[in-house]
Amino acid sequence: MLPSEFVVGKTNKSFFAKTKEGRVLKVLREHYLRSDIYCGASACKACNSSVARLSSDASTIIIVDSNVVLHQIDLLENPAINDVVVLSTVREEVKNKNLSVYNRLRALCSNSLRRFYVFINEHHKDTYVKPMVGESSNDRNDRAIRVATDWYQTHLGGKARVLLITNDKENKRKALEDGISAETVETYVKSLGQPNLLDLVVQPTSEDISMEEVEVTRPSKRKVIYNEHKPLSEITSGLHRGIYHQGRLRINRYNPFEAYVGSESIGDEIIIHGRVNMNRAFDGDIVAVELLPKDQWNSEKSLSIAEDEDEVEEDVHLAPSSADDAPRNLNAVQAPNQSRPSGRVVGIIKRNWHSYCGSLEPMPLPAGHGGVVYALFVSKDRRIPKIRVKTRQLGNLLDKRIIVAADSWDRFLGTLLVIICQISIIAYSVVLIENDIDSRPFSTQVLACLPPLPWSVSSEDLDSSNRQDLRHLRVFSVDPPGCKDIDDALHCTALPNGNFEVGVLLWCNTFNDLLSADICSLRSDVERLAFSVIWEVTPEAEIISTSYTKSVIKSCAALSYVEAQTRMDDSRLMDPVTTDLRNTNKLAKIMRQRRIERGALTLASAEVKFQIDTETLDPLDVGMYQIREANQMVEEFMLAANVSVAEKILKHFPSCSLLRHILISVGGLGLGGLVVHLSMVKIWGEIFVNRIVGWRHPSPTPEMLEPLLRTAASVGLHLDISSSKALADSLDRAVGDDPYFNKLIRILATRCMTQAVYFCSGDLTTPEYHHYGLAAPLYTHFTSPIRRYADVVVHRLLAAALGISKLPPIFQDGPQLTSIADNVHCAPSFTRPSFFSDLNYRHRNAQMASRASIELHTLIFFRKRPTDAEARIVKIRANGFIVFVPKFGIEGPVYLTQRDEKGGEWVVDEEHQEVKKMDGSISYNVLQMVRIHMEVVEPQPNRPKLQLTLV
């Protein structure tokens with residue numbers, strides 16, 4: 001009940017609603033009007049100042065209409081904009097039109113550091129307005145905004161100027177007629193005297209007030225005409241009838257004019273050639289695709305480049321570690337009747353826009369100063385098309401690295417958000433922005449959930465019946481040097497019967513420094529909470545039994561890989577920890593060999609390490625990362641723990657388990673410093689997931705392996721790809737005169753494999769769980785809860801399987817789980833988020849950020865260190881070849897002719913993978929060793945790149 005002294009009126013609202021049975025009902029609701037709703041201004045003496053949010057010395061209080069919030073939210077989030085009244089009319093209209101913007105508005109209004117105040121005008125006795133006969137809801141809302149603004153002007157009585165901000169012509173006209181101060185967004189921003197804010201102003205639509213004319217200084221270019229996007233209703237109908245096909249657009253990182261859409265409806269990837277066929281879709285968009293006629297399916301030539309003015313130049317980059325990283329082979333010879341489907345985008349189902357980092361394309365400065373011009377923004381990610389940005393700061397921005405948000409898909413318009421730094425300055429934050437990784441600090445609300453420091457294991461934890469005290473065990477961890485977030489540890493204890501008890505212990509999920517480097521880090525000589533997988537194994541590494549338990553542990557040694565290897569190799573050391581290391585390693589080698597005999601692939605990748613200057617953080621040296629037995633020991637038991645946990649959760653939750661088919665970890669890399677006794681910490685907050693998590697790594701298709709087979713055949717090597725076991729045996733037999741030959745073949749095989757993905761156990765048949773690279777029937781991620789959210793989910797599933805905690809209700813709702821998990825393939829569910837899709841998306845982004853970081857460090861290292869190095873040819877091109885540089889783990893083009901020449905005196909022999917001069921005097925073959933010169937050049941000002949030339 002509302003306090004009667006504040007309720008001064010009541011009105012009725014009526015509307016019509018449709019029931020589930022299809023009946024139409026008239027709904028009548030009572031609407032109470034109150035007198036105790038305060039204005040929020042500190043300068044007001046009539047209202048309760050304890051709820052005031054607006055500054056006492058504010059010269060202007062602004063009230064924004066709904067469209068200003070919807071279109072100018074980036075501007076409103078700028079700290080320069082304050083003393084803003086958000087009417088409840090506006091808030092509700094924004095909520096109904098764009099939930100994402102609504103959430104950002106809520107965050108602004110709840111931020112104690114910002115002066116935004118929500119005024120509930122719809123329940124105030126003086127500002128509530130009834131709809132008039134024949135008045136649309138939009139007109140009624142605009143009138144309510146004007147009435148509230150007028151009330152503020154009267155109520156404050158000149159203590160501050162009250163200004164309505166609107167870009168709506170009619171709304172502004174009526175406000176001025178009523179004596180209300182009103183301005184457009186641009187006019188108001190100009191009055192602030194901060195020119196940089198003008199670049200945050202989004203250009204209004206044609207129905208709004210026109211902005212000043214924009215000077216176009218760029219020469220006119222050939223216009224690309226795009227087909228109109230189909231309406232959502234037509235797309236939905238077409239998907240159900242099989243005319244259109246839905247999927248996520250993935251643009252080739254090395255050729256931005258070629259894209260792929262994975263479609264379950266046809267069971268294959270649909271190739272999209274050229275910007276015209278992409279039809280304004282961005283990488284990651286969920287799109288509807290129409291297949292082209294079959295006679296156009298074989299056009300995998302340079303068509304995509306020919307359609308656009310911008311020629312694609314292949315840059316030097318980190319060597320690919322999977323098929324997803326590697327450039328697609330456009331010149332592959334396809335067998336008859338094996339052409340792949342091609343198509344064109346007919347509609348965008350869900351946009352994947354976010355902020356993009358890059359710089360403006362160099363252009364001449366216009367006459368005069370301060371004029372508004374359009375400039376072309378070029379993202380560092382070549383998959384993003386050029387975006388037109390309106391700015392008054394052209395002279396200041398041409399040499400800056402900036403962040404831009406896309407606003408309009410039809411004309412590729414964008415808004416400048418942030419100026420980061422000079423282009424010449426290396427900004428590591430750019431790597432995170434470019435890969436859509438949120439690096440913002442946790443909110444105060446989240447941090448408030450953490451326990452205070454110093455933290456220690458409580459008596460309640462020690463007395464818990466669900467937690468086993470393992471502090472008596474000799475637990476140790478093995479990680480990279482300098483590792484602070486130790487999330488795993490091992491123990492290996494000899495048993496009286498001659499067997500061993502081996503445990504993998506993991507700490508629980510942590511995603512900030514306080515947790516990962518302290519509370520959840522399994523440091524030596526401190527007690528920590530853990531989740532453990534413990535086996536009894538024979539000396540021949542046969543598993544006798546497996547147990548799972550939450551535990552309390554106390555690590556006795558935190559070792560680096562080098563330290564652990566040194567201990568094992570030093571025959572003079574016989575201390576207990578070293579003995580445990582040797583026993584663990586002995587078991588791991590047996591397990592590894594048994595896995596290889598089952599058909600697991602031993603692949604390779606070019607991993608590099610940097611020696612970093614502790615003061616400048618610049619790289620001082622770079623070299624190949626050395627894989628030791630200690631790395632492989634840790635890897636082997638991490639794999640075993642993941643498999644054991646997958647078996648456990650699948651047994652208890654056969655239709656709602658999170659599994660993953662994962663490409664075999666290369667030489668122990670990619671698993672970080674995981675150790676063999678899994679430990680985990682308490683989980684703060686609830687975790688909701690759709691199914692049991694698993695890594696899905698299906699067998700590679702013949703088309704994916706075709707580049708490897710062609711390369712092998714050109715040097716007389718036959719590879720059997722009939723099974724993972726056959727391929728593994730073939731790789732073992734691949735030897736040549738070059739001592740690096742076998743590793744190079746394995747590297748080429750690695751890049752033919754797809755990235756693994758998370759999937760729902762209830763969505764695939766049991767044979768589809770099989771992990772090709774590991775030759776394992778099923779797999780999941782459990783061993784890195786500090787770094788991966790999926791592992792946190794699996795920890796929760798395992799706890800439920802052990803009866804330690806209850807499974808959240810959503811896990812038990814089969815139809816709801818299927819609906820959420822499958823929404824990416826389900827036409828009616830375009831707006832619902834996909835948990836697993838997001839897991840895979842975030843996992844992929846983290847991998848790409850890691851690659852980009854290595855490439856950035858490589859560029860910094862070679863800036864002042866031009867050098868010569870050995871390289872191996874991995875691809876033949878008409879005007880040169882692509883080389884791989886083992887020492888530095890990079891690959892890139894070496895040109896034999898100028899880029900604009902088509903080959904000149906050089907010809908390509910596809911069968912023998914050779915490029916040679918027409919007179920036969922010089923030739924270069926695939927896998928041949930050559931010497932190249934590496935040097936950083938600047939073909940454009942402030943845009944350095946690494947260039948490879950033949951010595």
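The values are calculated or read from the model by the stated rules, or taken from the named source; none is laboratory data. Note that the structure is a prediction, hence the values are computed from the model and not measured. Ideal geometry is used to build each Cβ from the backbone, glycine not excepted, and the neighbour counts take in all protein chains shown. These accessible areas exclude ligands, DNA and RNA; they are computed on the full protein's heavy atoms, side chains included. Shrake-Rupley method; radii C 1.70, N 1.55, O 1.52, S 1.80 Å.
For this structure, a couple of remarks:
- Subtracting the Cα-Cα distance of H718 and S55 from their residue separation scaled by 0.36 nm leaves 231.0 nm.
- Using R0 = 30 Å, the C-beta based FRET efficiency linking K725 and I627 works out to 0.85.
- Å² of accessible area per residue within region 442-488, as computed with a 1.4 Å probe and no ligands counted: 61
- For K651 and K350, the FRET efficiency from 1/(1 + (r/R0)^6), where r spans their Cβ atoms and R0 equals 25 Å, is about 0.10.
- Globularity index of region 102-197 is 1.19 (Cα radius of gyration / 2.2 N^0.38 Å, N = number of residues).
- A straight chain from N111 to S524 at 0.36 nm per residue would run longer than the Cα-Cα distance by 144.7 nm.
- The packing ranking of peptides 793-800, 622-629, highest mean first, is 793-800, 622-629, where packing means the average number of other beta carbon atoms within 10 angstrom of each residue.
- Our note on the geometry: Cα centres of region 603-650 and region 563-587, 20 Å apart.
- Residues whose amide H comes within less than 5 Å of that of R877, counting only those at least five positions distant or on another chain, are I882 (H built at 1.01 Å from N in the peptide plane).
- Here region 727-792 is assigned +1 on the Cβ of each Lys and Arg and -1 on the Cβ of each Asp and Glu. Its dipole about the Cα centre then comes out at about 220 debye.
- Largest first, the residues S35, S784, S50 sort by 1.4 Å accessible area into S50, S35, S784.
- With both labels modelled 7 Å from their Cα along Cα-to-Cβ, the L232 to D613 distance reads 5.4 nm.
- Amide H contacts of L87: V64, F119, each under 5 Å away and 5 or more positions distant or on a separate chain (H built 1.01 Å from N in the peptide plane; Pro and chain starts excluded).
- Rolling a 1.4 Å probe across all protein chains gives D919 an accessible area of roughly 120 Å².
- Ranked by how many other beta carbons lie within 10 Å on average, peptides 584-591, 731-738, 568-575, 233-240 from highest: 584-591, 233-240, 731-738, 568-575
- Sites V907 and D732, calculated FRET efficiency, Cβ-Cβ separation with R0 45 Å, nearest 0.05: 0.80
- Available extension along the chain between T538 and T154 is 129.6 nm, counting 0.36 nm per residue and deducting the alpha carbon span.
- Taking the centroid of alpha carbons for each part, region 729-787 and region 837-895 are 21 Å apart.
- Derived value for region 102-145: Kirkwood hydrodynamic radius 12.4 Å. Basis is the mean of 1/r over every pair of different alpha-carbon atoms.
- Long-range HN-HN contacts of I612 with modeled amide H, under 5 Å: L620
- Taken per residue, the accessible surface of region 607-656 reaches 47 Å², heavy atoms only and a 1.4 Å probe.
- Using the Karplus relation 6.51 cos²θ - 1.76 cosθ + 1.60 with θ = phi - 60°, the per-residue 3J(HN,Hα) values for region 905-915 come to 7, 9, 10, 10, 9, 4, 4, 9, 6, 9, 10 Hz, with x marking Gly and Pro.
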